[in-house]
Structure formats: structure tokens, C-alpha cells
Amino acid sequence: MAFSFLGIDANGVAWLTLNRPDVHNAFDDHLIAELNAHLDELHTLAQQGEVRAVVLGSEGKSFSAGADLNWMKRMVDYDLDDNLADSRKLAKLMHGLDSLPCPSVCRVQGAAFGGAVGLAACCDVVVASEKAKFCLSEVKIGLSPAVISPYVQRALGERQMRRYALTAEVMDAPTALALGLAHQVVAAEELDAAVDAMLTTLLGGSPQAQRATKALLASVAKAPDAEATREHTCQVIARLRVSDEGQEGLSSFFDKRRPAWVEHHNNATEPRS
């Protein structure tokens, strides 16, 4: 049985879905392995321009309860090397999601606990239902949100991260929105429409420019005012301006028409997979 599935629609939108609703989409080593395989494929397809955006979602009422209880029971008997190997697979998952070349949207319909907060923080845009709840619950069971901490702290900021990582308080959807973990909160029945609207907005951008922008922002975040970073930003914009898509974008703007990549999106009418 597959614990997740991947579908790609005619618009080049990939729908990556956690499929363990009976355990609130908790993840274990099997699900992590599946997601890593899917993300390896998506990196290749996105770099080739065949995938324009990725939506991470899940089946059932919960987004994800974090670590699976049976998996955690097995980990009790792991030695240090086993735990390191296990943690590195989770780290690969977070990095793979965070570094996707194309835009990513996280659809959060319910509870997102533990590592699931990391999944949300690794996506470019988080659209949440008003029923969504987020919690860094690890300290309550003697653990730490260690692997996900770089991504969640980037979203929350250091000051708020200290509070919520140490208290394990539950953040409701409005709180997550105010703190920057979520970008948009909507009524439960409007969640899919909001995700679709966000995808329409994202698909209006140049695929090449979006790939370049994601890579640029990751670089700038590491050293925002370094001389090498400043030169890198100049190189990126100069190359985009003379590229085929850059020329098409400028020409379409001055010609008052839609660019080719938007026309392609409008002509693709197949429903999501």
C-alpha cells in the first residue's frame, strides 16, 4: 500500500499527497522514503520545466500528526548510529522540499504537529483552513524539533521560535498567520478554491524566472550584504533579461499581450490528478 501519491496535471502542477488518514497522516520511515523518492523525481521534472508548481497536501481531517507512534516505539531500541541514519533521511526530506526549483504550496486542512510544521515551513506558500492548528510538540516527549528547526525558525523568527519550541503551545490558524507560518487562512469549505487561486497566480509567472528567483533568495539569505552576493544578484538579472523567457516577458508587456507561458496554462484544461 502506498502511503503517499503523486499526480501531475495538464498545467504542470504536481499534487503530492500524504495518504495515511487512518493515523492522521503521521509519518514513519516508509512514508519518508516514499516522499524522498517523489521529491527526487520532482526536482528533475521542475528543473526541466515539466513541473511548474507543487502542492503538498494530505487526505483526511488532519494535515499530519507528526511522527507515527509505532515508528517511535521502534526507535526506542535504535542505537545512536540508527538514530542518526533515521534523522538524516528526515533531513533529506525537509531539504528536498525546501529546495524545490519551482514554487510550492502547502494545503493545511487540520492539525499539523511536530515534523509536519517543518513540512509547512519548507513550502513557499502555506494556505490553511481556519480549522488548522500547528504545534511544535517535541519537548513534551523529551525530544526537540531539531531537524526542522532551521526552516521553522526562518518562518517564525528566532524570538517566536524560542517560545513555541520550548512551550509546545498550539498555534491556531490566526496565530500562525500573524506569526508568518501561514500566508493565508480561509474557511474550510474555501480551502481548495484558495489553493487553486494561488496556483493560477503562480502559473502567471515565468517558469525560468521563478526557478532563478528561488535559487537567488536561498543564496541571498545566507549572506545578504556580501560583495559576492551583490555581484550574484547582478548576474542573475542580467542573464534573465537576455534569456528567451525574459525577452518574451518584456515583449509581451510592451505589446500588451499575455506571455507564452500564460497562454500555455490557459490552454491546459485537464483537472488535477
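Residues in the stretch 118-146 that are in a loop (DSSP other than H, G, I, E, B), open to solvent by 20 Å² or more (accessible area, probe 1.4 Å) and in contact with a Gly (Cβ under 7 Å, 6 or more places away or on another chain): how many? Break it down into steps so the answer makes sense when it comes.
Of the residues in the stretch 118-146, the ones in a loop (DSSP other than H, G, I, E, B) are 123-124, 130-132, 136-137, 142-146.
Now drop any that are not open to solvent by 20 Å² or more (accessible area, probe 1.4 Å), which leaves 124, 130-131, 137, 142-144, 146.
Next, from what is left, pick out any that are in contact with a Gly (Cβ under 7 Å, 6 or more places away or on another chain): 131, 137.
Of the residues in that region, 2 qualify.
How many of the residues making up the stretch 219-268 are more than 27 Å from the chain's Cα centre (by Cα) and in a loop (DSSP other than H, G, I, E, B)?
The qualifying residues number 5.
A quick yes/no check of all residues on (1) closer than 20 Å to A46 by Cα; (2) touching a Phe, Trp or Tyr at 6+ places or on another chain (Cβ under 6 Å); (3) loosely packed, with under 12 Cβ neighbours inside 10 Å:
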position: V220; (1), (2), (3): no, no, no
position: A223; (1), (2), (3): no, no, no
position: H232; (1), (2), (3): no, no, no
position: A238; (1), (2), (3): no, no, yes
position: V242; (1), (2), (3): no, no, yes
position: G246; (1), (2), (3): yes, no, no
position: S251; (1), (2), (3): no, no, no
position: K256; (1), (2), (3): no, no, yes
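Can you tell me which residue among L216, L181 is open to solvent by less than 40 Å² (accessible area, probe 1.4 Å), within 17 Å of S104 (Cβ to Cβ), under 19 Å from the mean Cα position of the chain (by Cα) and at pLDDT below 95?
On the way: L181 fails: at pLDDT below 95.
Just one listed residue meets the conditions, L216.
Could you please find all residues in the stretch 16-55 being in a helix (DSSP H, G or I), open to solvent by less than 20 Å² (accessible area, probe 1.4 Å) and touching a strand residue (DSSP E or B) at 6+ places or on another chain (Cβ under 9 Å)?
First, pick out the residues of the stretch 16-55 that are in a helix (DSSP H, G or I): 21-23, 29-47.
With the extra rule that they be open to solvent by less than 20 Å² (accessible area, probe 1.4 Å), the set shrinks to 31-32, 35-36, 39, 42, 46.
Once the filter is applied, which keeps residues that are in a helix (DSSP H, G or I), open to solvent by less than 20 Å² (accessible area, probe 1.4 Å) and touching a strand residue (DSSP E or B) at 6+ places or on another chain (Cβ under 9 Å), the stretch 16-55 yields L31, L35, L39, L42, A46.
Within the stretch 47-80, how many residues are over 14 Å from the mean Cα position of the chain (by Cα) and closer than 30 Å to A212 by Cα?
The number of residues fulfilling the criteria is 5.
When only residues in the stretch 126-140 that are in contact with a helix residue (DSSP H, G or I) (Cβ under 8 Å, 6 or more places away or on another chain) and small (G, A, S) count, which is nearest to D172 (Cα to Cα)?
The residue in question is A132.
Would you point out the residue of the stretch 147-199, among those that are among the charged types (D, E, K, R) and not in a helix (DSSP H, G or I), that is farthest from L16 (Cα to Cα)?
If we filter the stretch 147-199 for residues that are among the charged types (D, E, K, R), which is where we start, we get 154, 158-159, 162-163, 169, 172, 189-190, 192, 196.
Filter again for not in a helix (DSSP H, G or I), leaving 169, 172.
On the way: E169: 28, D172: 24 Å.
Ranking the candidates gives E169 first.
The values are calculated or read from the model by the stated rules, or taken from the named source; none is laboratory data. Values in this document were obtained by computation on a predicted structure and should not be read as measured data. Virtual Cβ from ideal backbone geometry, glycine too; neighbours counted across all protein chains shown. Quick note on the areas: whole protein, heavy atoms, side chains included, nothing else; ligands and nucleic acids left out. Shrake-Rupley method; radii C 1.70, N 1.55, O 1.52, S 1.80 Å.
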